[in-house]
Structure formats: structure tokens, C-alpha cells
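Undergrad: This structure is in C-alpha cells; I'll ask about it shortly.
Read-outs throughout are calculated quantities, based only on the coordinates presented, and are distinct from any laboratory measurement. Given the structure is predicted, the values throughout are model-derived calculations rather than measurements. Using ideal geometry, Cβ is built from the backbone for each residue, glycine included, and neighbour counts are taken over all protein chains shown.
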Amino acid sequence: MLKSRCENLYLLSTIITIFFLNSCASNFYQVPVAQGNIISASMLAKLEVGLTKAQVRYIMGTPSIKDPFNKNRWDYIGFEFIGENKRAVVHHTIIFEGNKLVTFVSKNR
């Protein structure tokens, strides 16, 4: 009886030690999280000069930033994170004149 009790205590202490050592590890898997607008190459390919604001919103979705001082500029910003580390920044700027698309610029940082 004493032997089985010691074996159980040894097994329990081993399991607890493994859990504590595992929790101290800093290199555990972190799921990549995309934030902001997800803009695909096929969406950008559909953009062309002369589209209306409604058509651009249908293709690209709601802009991340609508400049309150410039109603003719829409910005789409996307970030991809893994844990605390920023992986990529994608910035698309769309400029309108009146209600028609005039130009769009894409920047990857």
C-alpha cells in the first residue's frame, strides 16, 4: 500500500513538473491574425478609372480610413500579426474626383 502511494505521488509530481516546465517555454505556436481589410489581387485587378464610389465599395469593401477633411480619399490598410510581431503592412489609397475613381496606389511596407 505504501509502495503504490509513493508511486502515485511520484507520478503526480512528475506530471506537475512537466506542466510547469512547459508553461515556462517562450516559443509556443502563435496563430497568425490578419487585421484590417483583406484585399486580394483579384479585387485590385477589378479597379479601373471611372468606377463610382458605390462600385469601389462593392469591390473593395468599406475603407479602413475615410479622411474627414478629404471626402475624395479612401484608405484601405491591412496588417498581418503573429503574436506581438508585425509581419506586413499593406496600404491602398483610392482617390476620387466627384463620384468617379481617378487613381489608386498600393504600397507594401
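Undergrad: Order these peptides, 55-67, 5-17, by their mean beta-carbon neighbour count within 10 angstrom, highest first.
TA: Ranking the peptides 55-67, 5-17 by packing returns 55-67, 5-17.
Undergrad: Right, here's the next one. For region 31-108, please report how many Lys pairs fall under 20 Å Cα to Cα, leaving out neighbours fewer than 8 apart on the same chain.
TA: Summing the qualifying lysine pairs gives 9.
Undergrad: Let me ask you something else. Using only the alpha carbon atoms of region 31-108, find the Kirkwood hydrodynamic radius as the inverse mean reciprocal pair distance, in angstroms to one decimal.
TA: 13.1 Å
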